[in-house]
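Below is one structure, written out as structure tokens; comments come after it.
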Amino acid sequence: MTPSTIGGINKLPELEKRSVYSRYIPKELIERFDLSDLMNNKDLLQFRFAEGSSDVEMTLYHQANFQDPILYAHMADNLNGQIHILLYILNNPESPRFDVDKMPDGTPTRFGIRFRNIEAEINAMNAGLSPGQVREGLHIFRPAMAVFEKFILGLGHEMYYMEPLYYHNAIIFERHGFKYQMGRRQMESINSGFQPGGGLRQMLDDSNPFRSSNAAESIRLRSWAIHDGVLGEPFTNVTMYKQVGKKAETNTAPGISW
């Protein structure tokens with residue numbers, strides 16, 4: 001019987017751990033990039049899942065030694081033994097790369113929280129990317145979520161949690177059926193601030209590329225403005241959850257397009 005927690009899975013022999021965690025790899029990735037025998041391919045499928053730890057990091061590459069993975073996932077047990085997704089990234093390796101994750105000298109930006117590579121961010125924004133993206137995504141969030149929910153059910157859970165790193169992440173999760181455990185009032189306040197006459201909208205003064213006057217009408221551009229500091233503080237303290245097989249109807253930004 002498969003353990004119900006990350007901590008429990010991490011106590012299994014390595015081959016069993018790889019087998020369990022591989023269950024949430026979307027088949028769309030395997031088919032598109034012709035990834036066979038991943039179980040035994042430690043160049044393409046890498047894990048950090050030390051025995052005794054309560055978290056796991058999966059890194060999946062489409063080819064060995066490529067700069068970025070096609071899938072990166074970091075999960076942990078929360079205090080109640082539920083699965084909490086800390087970070088989930090899908091990258092299209094065939095798309096252009098923007099070095100928003102590092103400074104020109106190679107220093108990591110830590111998602112733009114510690115440092116910001118402004119030139120790379122402007123180029124990424126103009127190319128249609130959102131904050132934090134080094135490449136465009138693979139546009140398979142829905143099937144990826146479906147296979148992850150199957151994985152969650154296999155562990156005996158009926159819900160799981162997600163930590164949106166940016167404003168646009170929270171909106172994406174909303175539109176895929178997530179609810180807020182914490183942060184809904186903050187999200188509603190942000191939406192109010194971007195309305196005509198709102199304090200956030202007044203800060204969209206075209207003073208730099210991230211604060212364009214039309215950003216209020218776009219989820220993606222709102223997120224860039226927030227990343228640029230219009231809130232006066234980092235975007236934090238938002239936690240969401242989803243019940244497996246159910247879609248909530250949360251909408252904190254009605255009528256706002258991507």
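Rule-based calculations on the coordinates, nothing more; no lab input. None of these values were measured; they are calculated from a predicted model. With ideal geometry, Cβ positions are generated from the backbone for all residues, glycine too; neighbour counts draw on all protein chains shown.
Below, the figures for the structure above:
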| quantity | calculated |
| --- | --- |
| Index of the failed condition, L165 passing every other in (1) in contact with a Gly (Cβ under 8 Å, 6 or more places away or on another chain); (2) surrounded by fewer than 21 Cβ atoms within 10 Å (Cβ to Cβ); (3) of a type outside the set (F, W, Y); (4) closer than 30 Å to M1 by Cβ | (4) |
| Residues that are surrounded by 18 or more Cβ atoms within 10 Å (Cβ to Cβ), of a type outside the set (D, E, K, R) and closer than 17 Å to L87 by Cα, drawn from the range 107-139 | T109, G112, S130, P131, G132, Q133, V134, L138 |
| Pairs, first buried (at least 19 other Cβ atoms within 10 Å of the Cβ) in the range 88-106, second part of a loop (DSSP other than H, G, I, E, B) and of a type in the set (S, T, Y), C-beta under 8 Å, six or more apart | V100/T109 |
| Enumeration of residues in the range 45-76 that are in a strand (DSSP E or B), surrounded by fewer than 17 Cβ atoms within 10 Å (Cβ to Cβ) and touching a residue at least 40 places away in the same chain (Cβ under 8 Å) | D55 |
| Matching residues in the range 147-174 - criterion: being over 20 Å from I9 (Cβ atoms), in contact (Cβ under 8 Å) with a residue 60 or more places away in the chain and part of a helix (DSSP H, G or I) | Y167, A170, I171, F173, E174 |
| Identity of the residue in the range 222-238, touching a residue at least 40 places away in the same chain (Cβ under 8 Å) and among the aliphatic types (A, V, I, L, M), that ends up nearest to E119 (Cα to Cα) | I226 |
